[in-house]
Amino acid sequence: MGLLGPVRDDPQSAQRPGFTKENFHIDWDTRTVTCPNGITSPPWKPALGDGHRRLSVLFPRRACRECDDRMKCGGNVDGKGRHILLLPEAQQKIQTHVWRDQKTSNWQQRYAIRAGCEATVSETVHAHGLRHCLYRGLAKTHVQHVLTAAGTNIVRLSECFPPGTTPTSPPRPRTHFQRLCQRLTA
Ligand code: SF4
């Protein structure tokens, strides 16, 4: 089974609603992209994005300016051609595949299993410092992990009750000594 994880939405999608990169058709042979309105871009050019290799796609300005859907196309208000950055081919194919797959109920059911674990792993790493070993050697590191897990459970249990309250618990059974005293004084 492969690693299962979601592709995040465009962080600026709220400001740029409408067609996203996934709505465009990519032709890897001709190095062009076709938009939802059937306009095909000139061949893309290599570029850098955040210091990483990217493919820069720029649609013809004239076609975008005359397009009725330009407001749905990244909020294109300034009349420029739509610009898209693609990942290198292998990564982009994975991203496109996952983007489609993650909308299916089958994918969401599988990811729900991981999502539950992720919250616990994140809590132990960020709140309880599990990223760093305090000891040398696997045996001691294992002890650290077990103690951190136990501590995480205690913290979580303590959050189940309002502050200042204690959970109700059954009375403790009498000890042998108490039972002996009871018998002698009866
Ligand atoms: S704005 Fe340009 S890229 Fe976007 S749909 Fe219209 S023609 Fe295509």
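The values are calculated or read from the model by the stated rules, or taken from the named source; none is laboratory data. Predicted model only: the values in this text are computed from it and were never measured. When we count neighbours, we look across all protein chains shown, and the Cβ atoms used for this are built from the backbone with ideal geometry, even at glycine.
Summary of computed values
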{"item": "Selection within the range 42-81 - near the ligand (Cβ under 8 Å from one of its atoms), surrounded by 17 or more Cβ atoms within 10 Å (Cβ to Cβ) and not in a strand (DSSP E or B)", "result": "PHE59, ALA63, CYS64, CYS67, ARG70, GLY74, ASN76, GLY81"}
{"item": "Complete set of residues in the range 126-176 that are modelled with pLDDT of 90 or more and charged (D, E, K, R)", "result": "ARG131, ARG136, LYS140"}
{"item": "Positions within the range 82-106 being surrounded by 13 or more Cβ atoms within 10 Å (Cβ to Cβ), in contact (Cβ under 8 Å) with a residue 24 or more places away in the chain and either more than 25 Å from PRO46 (Cα to Cα) or within 16 Å of the ligand (Cβ to nearest atom) (or both), in sequence order", "result": "ARG82, HIS83, ILE84, LEU85, LEU86, GLN102"}
{"item": "Residue match in the range 163-171 (condition: small (Gly, Ala, Ser) and over 23 Å from THR120 (Cβ atoms))", "result": "yes"}
{"item": "For ASP29: the one exception among (1) assigned to a helix (DSSP H, G or I); (2) free of Cβ contacts under 8 Å to residues at least 12 places away in the same chain; (3) of a type outside the set (Gly, Ala, Ser)", "result": "(1)"}
{"item": "Residue that is modelled with the lowest pLDDT [pool: residues in the range 1-59 that are farther than 29 Å from TRP107 by Cβ and under 25 Å from the mean Cα position of the chain (by Cα)]", "result": "GLY51"}
{"item": "Subset of the range 88-130 [touching a Ser or Thr at 6+ places or on another chain (Cβ under 9 Å) and not aliphatic (A, V, I, L, M)]", "result": "TRP99, THR120, GLU123, THR124, HIS128, GLY129"}
{"item": "Cross-chain or 6+ apart pairs with Cβ under 8 Å, the range 113-139 first and within 15 Å of ASN153 (Cα to Cα), then among the small types (Gly, Ala, Ser) and surrounded by 10 or more Cβ atoms within 10 Å (Cβ to Cβ)", "result": "THR124/ALA149; HIS128/GLY151"}
